[in-house]
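Some notes on the structure that comes next.
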Amino acid sequence: QVQLVESGGGLVQAGGSLRLSCAASGSIFSINVMGWYRQAPGKERELVAGISSGGITNYADSVKDRFTISRDNAKNTVYLQMNSLKPEDTAVYYCKQDIQGSRQYGFRAYWGQGTQVTVSS
């Protein structure tokens, strides 16, 4: 079984920074894409940033030049450095990792439990 554990959320003033982490553990053979999503109250979940196994990144337009996604393959961990935070960044942030549990199986998407990020004005 695979488990994703997130950490790093909290309350911060506008203009501040937070760093989110998401570590995968369990039966892991390979990890492909890792990403961060967020869901604000009354809104649909949206992609914030993604990073491929080769390190190629993509970002939502709303967070470009403010957020940075990175990964540590040795630790099965993905990070999201969030700078210049705005009140509209307030949401529950979820990590997602596409994980292959063993050589004979394909990749499956696993989600973290979510961590609250609140930005006060």
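Which three numbers, in whole Å and largest first, are the semi-axes of the equivalent ellipsoid of segment 1-89 derived from its Cα gyration tensor as √(5λ)?
23, 14, 13
Using packing as a proxy for protection, rank 34-42, 91-99 so that the peptide with the highest average count of other Cβ atoms within 10 Å comes first.
Output ranking for 34-42, 91-99: 91-99, 34-42.
If you add up the charges near Ser84, with Lys and Arg at +1 and Asp and Glu at -1, over every other residue whose beta carbon is less than 14 angstrom from its beta carbon, what do you get?
Neighbour charge sum, excluding Ser84 itself: +1.
So for the chain, averaging the separation of alpha carbon pairs under 8 Å that are six or more residues apart and normalising by length, what relative contact order in percent results?
36 percent
Keeping all protein chains in place, calculate the accessible area per residue for segment 21-121 (probe 1.4 angstrom), answer in Å².
Per-residue value: 52 Å².
Bin by bin, in steps of 5 Å, what percent of the Cα pairs in segment 54-119 do you find, going until the bin that has the longest distance?
4, 13, 21, 25, 18, 10, 5, 3, 1
The values are calculated or read from the model by the stated rules, or taken from the named source; none is laboratory data. All values reported here derive from a predicted model rather than from experimental measurement. Positions of Cβ are generated from backbone atoms using ideal geometry, with glycine treated the same way; all protein chains shown enter the neighbour counts. Heavy atoms of the whole protein, side chains included, go into the accessibility calculation; ligands, DNA and RNA do not. Shrake-Rupley method; radii C 1.70, N 1.55, O 1.52, S 1.80 Å.
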